[in-house]
Amino acid sequence: MKKVVRIICIVLCVGLILGLGYIVSRKMKKYPEEIEYSALRAFTDNGMYYARRNMLYFLDSATGESVVVCNKANCKHNTENCNAYIFGLGSSMLYYEDKLYISEFDSEVTINDEDDAVYKGAVQIREVEKDGSKVSILYSADEGAVFDMEMIDGILYFTTWKYHDGFKLNQYQLDCTLYSYDLRWRRLRVLLSYEGDAEHDNSTLHILNNKNKEKIYLTYGYKDSQRNRHTILLTYNIETHKDEIVADNLNTEYGKSFNIISTASGIYIETKELDNGVEWTVIYSCDADLQNQKEIFRIVDGDIYCMDRYLYAINTDYNKFFYQCDTGTVYLANTCFTEEGTYISDIYGLDESSDKIYIDGHDYTGMKPGDVITSDQSEQTVTGWTEFRDTYFTKLENADQNTVEAFDWMKWPEE
């Protein structure tokens, strides 16, 4: 009997030691300092992950070759059983500590024999090893989608939507939720939620890319019963778990839209503003709390993209420029001056430190703006940043200033 008791005690002690070791190792684990934000593509020091035709690929920056992200033996990469398969459309991803985090969704509405609309959907966030193996499902649902994801200190924050009180055809009262998934303890939590109703219709909840480790910036947007759009800017404090409204109605305070752009050199605010009937995309510099705002530039009805230490502004297929954030240097596309010439490829990402730029390498010679492309003709490729910049762009200071002053699609603030 004593021997049995002794064995039981030994087993319990070993279990306790192992359990304590597991807890200590989890507590001691260090996560990367960098904050990562989701996008259509995910970048690493060695290349770029992207989705094409429902398959996950990796473009190696050293070789310029793309490979399917699947290590399954004898896999032909043409079925849903492939490790690289991504279901649905509009997936987003981020890369963090040698793993890829992918959000996916798919939905279908059919009419049954009783003429009733039937909704079928699937949503999930997957954690995938960089070679496509060891998949873990961090979040799943049978309706809705994921808006945004952001990784801070080993915690994945993400926002989602679901139908309020179930699917109803042509009705969009949505419940929006902010979640956290703690990688250290493998735990999912609801942090913040907004329910849809007649005064909160067609709602959205977006995480803004301001890369602040103390609080998450979000926008909650909705339409009221009069179909007026409202957008609230708020923060969620990571330590205190409290949310706070920063601006009651961004549509009134900032114009038609509001976005935060975080670069390696600082934070910028992007808004859409009307001036004499013309819609301008306006960029302001600001501090970490979005204060001390100063206009940097504005372009007509344009799009702005964060590219490492640059902002990439696009007005048309020909009117484009790079703004170097730390120096204020502007590189104008050569086609700004000609409205024709060599097409500048779509740019996906920039890594200035390694002199690499990721672009669409497809030859679109002969195509004109507005031509319809009926299939995916893009070819993800990587090339030298300095050579690309000097081939297709000209420094503002080296351009003909009279021509630049005549541009009606861009403005710089007066000194």
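The values are calculated or read from the model by the stated rules, or taken from the named source; none is laboratory data. All values derive from a computational prediction rather than experimental measurement. Positions of Cβ are generated from backbone atoms using ideal geometry, with glycine treated the same way; all protein chains shown enter the neighbour counts. Surface accessibility is based on the protein's heavy atoms, side chains included, excluding ligands, DNA and RNA. Shrake-Rupley method; radii C 1.70, N 1.55, O 1.52, S 1.80 Å.
Quick notes on this one:
- Taken over region 255-381, the convex hull of the Cα atoms encloses 140 Å³ per residue.
- Here the ratio of the Cα radius of gyration of region 61-122 to 2.2 N^0.38 Å is 1.62.
- Theoretical FRET efficiency, 1/(1+(r/R0)^6), r = Cβ-Cβ of Asp390 and Lys242, R0 41 Å, to 0.05: 0.25
- Spin-label model, Asp98 to Lys294: label points 7 Å out along the Cα-to-beta-carbon direction sit 4.3 nm apart.
- Cα-Cα over 20 Å, subset of Lys134/Lys213; Lys211/Lys411; Lys223/Lys272; Lys99/Lys120; Lys30/Lys211; Lys294/Lys411: Lys134/Lys213; Lys211/Lys411; Lys99/Lys120
- In straight-distance terms, cross-link reach from Lys72 covers every one of the aspartates and glutamates whose alpha-carbon lies under 18 Å from its own, apart from those fewer than eight places away in the same chain; here that gives Glu80, Glu127, Glu129, Asp131.
- Shown in residue order for region 205-217 are the 3J(HN,Hα) couplings computed by the Karplus curve 6.51 cos²θ - 1.76 cosθ + 1.60 at θ = phi - 60°: 9, 10, 7, 8, 7, 9, 6, 10, 7, 8, 8, 9, 9 Hz (x for Gly and Pro).
- Averaged over its residues, the chain has an accessible area of 54 Å² per residue, based on protein heavy atoms and a 1.4 Å probe.
- Highest-first arrangement of 155-166, 328-339, where packing means the average Cβ count within 10 Å: 155-166, 328-339
- Kirkwood analysis of the chain, using all unique Cα-Cα pairs, places the hydrodynamic radius at 24.3 Å.
- Projected area, mean over directions - region 106-239, Cα convex hull, nm²: 10.2 nm²
- Largest first, the extents of the alpha carbon coordinates of region 40-154 on the three principal axes equal 57, 37, 22 Å.
- Compared with the direct C-alpha span, the chain from Asp326 to Val109 gains 73.2 nm at full extension, assuming 0.36 nm per residue.
- Note that region 158-198 carries a Kirkwood radius of 11.4 Å, evaluated over its alpha carbons pair by pair.
- Accessible area of the chain belonging to carbon and sulfur atoms, whole % at 1.4 Å probe: 47 percent
- With the convex hull drawn around the C-alpha atoms of region 131-184, the volume per residue stands at 114 Å³.
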